[in-house]
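Sending over a structure as structure tokens; questions will come in a sec.
The values are calculated or read from the model by the stated rules, or taken from the named source; none is laboratory data. Source: prediction; values computed, not measured. Cβ sites come from the backbone with ideal geometry, for glycine too, and all protein chains shown count toward neighbours.
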Amino acid sequence: MKADLRRKNYYLGQKKILRAKSILGAKTETEAINSALDLVVFRKEILKSLEKVVGKGGVEKVCR
């Protein structure tokens, strides 16, 4: 995994990073940013999967 790591320089809001770090339970800012990016990728995979099953039935609405 380390082979694909690259150093990047970005301007990011410190308050947002600290909040993400706290929410994600990350030990470092880098860990928080990596975890947040993982969640974005995961969200896209979930949405893509849901698009494939739309209209196929078998899913019940359980909330009102």
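List every residue pair whose Cβ atoms lie under 6 Å apart, where the two residues are 6 or more positions apart in sequence or sit on different chains, the first residue falls within the range 18-36 and is of a type in the set (S, T, N, Q), and the second residue, located anywhere, is assigned to a helix (DSSP H, G or I).
Cβ pairs passing all conditions: Ser35/Leu24.
Of everything in the range 40-62 that's of a type in the set (Lys, Arg) and outside any helix (DSSP H, G or I), which residue is modelled with the highest pLDDT?
Filtering the range 40-62 down to residues of a type in the set (Lys, Arg) leaves 43-44, 48, 52, 56, 61.
Still in the running and outside any helix (DSSP H, G or I): 56, 61.
Details: Lys56: 77, Lys61: 67.
For the range 40-62, the residue satisfying everything is Lys56.
With the checklist (1) at pLDDT below 95; (2) part of a loop (DSSP other than H, G, I, E, B) in hand, flag the one item Tyr11 doesn't pass.
Only one criterion is unmet by Tyr11, namely (1).
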